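Taking it in order: structure first as structure tokens, then the write-up.
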Amino acid sequence: MDHFLYRDGVLHAEDVPLPAIAAAVGTPVYVYARATLTRHYRLFAEALDGLPHLICYAVKANGNLAVLKLLGDLGAGMDVVSGGEYARARAAGVPGSRIVFSGVGKTRAEMAQALAGGIRQFNVESEPELEALSEVAAGLGVEAPVALRLNPDVDARTHPKIATGGAETKFGIPMGQAVAVYTRAAALPGIRPVGLDLHIGSQLTDLAPYEQAYLRLAGLTRAMRAEGHRIDRLDLGGGLGIPYTRSNAVPPLPSEYGALVRRIFGDLDCEIEIEPGRLIAGNAGILLAAAIYVKPGAQRRFLILDAAMNDLIRPTMYDAHHDIVPVQEAAPGAETLPYDVVGPVCETGDIFARDRALPAMAPGDLVAFRSAGAYGAVMASEYNARPLVPEVLVDGDHFAVIRARPTFDAMLARDTIPEWLGPPGACAEPTGGADA
Ligand SMILES: *Cc1c(COP(=O)(O)O)cnc(C)c1O
């Protein structure tokens, strides 16, 4: 369930009509519903209620400071994958003791930053990383809490670009090496092994790969404990999928996922960490855009929007489907036409949907891309010098701009013309050969 519903024929975000946001902020713009973010966080909290646990929201899904602050205030920890995300989590007020640091390529600078600012654990993905962390922590005279990220070699049955639990991917340490690396970690200066970690992929629509990976993890935990290793925490990763269409099979619910976690880990006396991103933020956001032109092509009818692939890359990058709905609700039984929905960017790949059935559209009409709250704004760029798409958070009947659209001046001010190219301003007349 989300909080983007039609009322009196107009799509609302909670109690705010979307045309009001378009008028105040312009389009394209991302719009998030506080109520949905809160609800989704609570679903996970309820699913794990009774088990010692921490829900570490995956910042990479949507890292706006307002979103992090909202979730942090509900009690969430954060899963970060860069120094920038760590800085975001801290700036939103999340204490280091609730932040886990994931990712295959942490730099020494990022390690030092997190050790200085406070960190719950590093999820370490290789021996070279472990050695670097040992040097950095020992150099600072501190101990780095470490969970080893394991690669359980399971097929997550999701899009290849977001499957991370197969042996051929760059992620994690092969399970067969876990004991050796954990033993080594315990012996290294500045390292304190606290547990094991895995994350098998994103947009999982089936619990079977989780079950397979989690059974392996639980078995390994028992075996390692029997050999005298201390394992206090198990980080089970994120990845639970969301429905991107109304017609799709419904992915497992957090409650069903929670039941699986309890069944497999309930008697292990471990602190459980999970790292959901998409399920918390995905259906808590839409991308609001306006039609610029309806262009009759030689063979197809194009709906050209003011949003483009630089604002929402998922269709181009993952062949992802987003429902696209008119903000003014179509009359019941109204005729629909097939549109190819595209943006203004000069790339053939700048296409959101083919043959999408929509009511007759006209320039200025607003549409909403559903399920765009995760991996939307965070992946946006300024390609084609299109200013970074703004973000709005709705709370009941009011809203706030939580990231403003940069002006052209602000966008240009990030570039510098070096002095040796001459004074800024008018370009010199071309010399020689010009016959103007
Ligand atoms: C991306 C990622 C997540 C979040 O995945 P979702 O599909 O958004 O839940 C969690 N943990 C790690 C290590 C990740 O890389």
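Restricting to DSSP loop positions (anything but H, G, I, E, B) with no more than 16 other Cβ atoms inside 10 Å of their own Cβ, which trypsin sites (Lys or Arg not before Pro) remain in the stretch 253-362?
Working: sites: 262, 263, 278, 300, 301, 354, 356; in loops: 300.
Sites meeting the loop and neighbour criteria: 300.
Show the residues, 5+ positions off or on another chain, whose built amide H is closer than 5 Å to the amide H of residue 54.
272, 273, 274
What nm value, rounded to one decimal, do you get for the distance between residue 385 and residue 355 when each label is placed 7 Å out toward the C-beta?
Between residue 385 and residue 355, the label points sit 3.9 nm apart.
Sorting check: for 114-127, 6-19, 217-230, which peptide has the highest mean count of neighbouring beta carbons within 10 Å, and how do the rest follow? Kindly include the intermediate steps, with their values, before the conclusion.
Numbers: 114-127: 21.4, 6-19: 17.1, 217-230: 14.6.
The densest-packed peptide leads the list: 114-127, 6-19, 217-230.
What residues from the stretch 193-207 fall in the zone where the backbone N is under 11 Å from a label point 7 Å along the Cα-to-C-beta line of residue 232?
Backbone N within reach: 193-195.
Compute the normalised compactness of the chain: alpha-carbon radius of gyration over 2.2 N^0.38 Å, N being the residue count.
On the way: Rg = 24.2 Å, N = 436, 2.2 N^0.38 = 22.2 Å.
Normalised Rg, Cα atoms only: 1.09.
Okay, which of the stretch 149-192 sit inside 17 Å, backbone N to the point 7 Å along the Cα-Cβ direction of residue 249?
Residues passing the 17 Å test: 155-160.
For n ≥ 4 DSSP H runs only, could you compute -39500 (n - 2.57) per run for the chain, divide by its residues and tell me the 222 nm figure to the nearest 500?
Working: 12 runs with 120 residues, N = 436.
Mean residue ellipticity, 222 nm, calculated: -8000 deg cm²/dmol.
With label points built 7 Å along Cα→Cβ from the Cα atoms of residue 271 and residue 169, find their separation and express it in nm.
Distance between the two pseudo-spin positions: 2.6 nm.
Quick one: pull the percent of accessible area on the chain belonging to carbon and sulfur, 1.4 Å probe, ligands and nucleic acids left out.
Result for the chain: 55 percent of the exposed heavy-atom area is carbon or sulfur.
Mind running the shape call on the stretch 34-280? Use the C-alpha gyration tensor, a ≥ b ≥ c as the square roots of the eigenvalues: rounded below 1.5 for a/c, prolate if a/b tops b/c, oblate otherwise. Don't skip to the answer; put the middle values down first.
Numbers: a/c = 1.62, a/b = 1.20, b/c = 1.35.
Judged from the Cα gyration tensor, the stretch 34-280 comes out oblate (a/c at least 1.5, b/c at or above a/b).
Report ³J(HN,Hα) in whole Hz for each residue of the stretch 253-269, in order, from the Karplus equation J = 6.51 cos²θ - 1.76 cosθ + 1.60 where θ = phi - 60°; Gly and Pro get x.
Coupling constants for the stretch 253-269: 7, x, 5, 5, 4, x, 5, 5, 4, 4, 4, 8, 10, x, 9, 8, 6 Hz.
Which one of 10, 261, 136 is farthest out on the positive end of the charge dipole of the chain, using unit charges on Cβ (Lys, Arg +1; Asp, Glu -1) and the Cα centre as origin?
261
If I take R0 = 41 Å and measure r between the Cβ atoms of residue 216 and residue 91 in this structure, what FRET efficiency does the formula 1/(1 + (r/R0)^6) give, to the nearest 0.05? Provide the component values of the computation, followed by the final result.
On the way: r = 37 Å, r/R0 = 0.91.
In this case the efficiency is close to 0.65.
Under 17 Å from a label point 7 Å along Cα→Cβ of residue 259: give me every residue in the stretch 212-236 with its amide N that close.
Taking a point 7 Å out along Cα→Cβ of residue 259, the residues of the stretch 212-236 whose backbone N falls under 17 Å are 212.
Could you please report the charge total around residue 28, scoring K, R as +1 and D, E as -1 over all other residues with beta-carbon less than 11 angstrom from its beta-carbon?
Details: positive: 386, 405; negative: 306, 311, 391.
Computed value for this residue: -1.
The values are calculated or read from the model by the stated rules, or taken from the named source; none is laboratory data. Every value quoted in this text rests on a predicted model; they were computed, and no experiment measured them. Using ideal geometry, Cβ is built from the backbone for each residue, glycine included, and neighbour counts are taken over all protein chains shown. All accessible areas refer to the heavy atoms of the entire protein, side chains included, with ligands and DNA or RNA removed. Shrake-Rupley method; radii C 1.70, N 1.55, O 1.52, S 1.80 Å.
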